Amino acid sequence: MEMLRRQFGIAEPVKRQMELSIVRAGEWTPAVLGGAGGAGVHADILAGRDGEIGWEDVYTGEEMREQADFHGEMEGRFGMGW
């Protein structure tokens, strides 16, 4: 962020932090498609980590956990527990 501030002024890091907080608040992916744990591709792009792969990208700690089915997860998310 310091490099961005030096190159583009104070507006660029502020804008980038605002976009990052919006992405983290609004991003949700079903567990079947990779899970909602942590930020996704959009946050990686904004943070400048889109060109690297780390252990946390592959091993999220949820490997041994029983996966909920897609429909059950969506019903729980949208309060459709009839």
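The values are calculated or read from the model by the stated rules, or taken from the named source; none is laboratory data. Everything quoted here is computed from the prediction, not taken from an experiment. Here the Cβ positions follow ideal geometry from the backbone for every residue, glycine too, while neighbour counts run over all protein chains shown. With ligands, DNA and RNA removed, areas are computed over all heavy atoms of the protein, side chains included. Shrake-Rupley method; radii C 1.70, N 1.55, O 1.52, S 1.80 Å.
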key: Which numbered condition ALA68 misses (of (1) modelled with pLDDT of 75 or more; (2) more than 11 Å from the chain's Cα centre (by Cα))   = (1)
request  = Report whether or not VAL23 is modelled with pLDDT under 75, assigned to a helix (DSSP H, G or I) and either open to solvent by 70 Å² or more (accessible area, probe 1.4 Å) or of a type outside the set (Ser, Thr, Tyr) (or both).
outcome  = no
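Tell me which residues, restricted to the stretch 52-71, are more than 17 Å from GLY40 (Cα to Cα) and surrounded by 11 or more Cβ atoms within 10 Å (Cβ to Cβ).
Pass one, the stretch 52-71, residues more than 17 Å from GLY40 (Cα to Cα): 63-71.
Passing the criteria: GLN67, ALA68, ASP69, PHE70, HIS71.
Restricting attention to the stretch 40-57, does a residue exist that is outside any helix (DSSP H, G or I), among the charged types (D, E, K, R) and at pLDDT below 75? Break it down stepwise before answering.
First, pick out the residues of the stretch 40-57 that are outside any helix (DSSP H, G or I): 40, 48-54.
Narrowing the set further to residues that are among the charged types (D, E, K, R) leaves 49-50, 52.
In the following step, the residues that additionally are at pLDDT below 75 were identified as none.
No, every residue in the stretch 40-57 fails to be outside any helix (DSSP H, G or I), among the charged types (D, E, K, R) and at pLDDT below 75.
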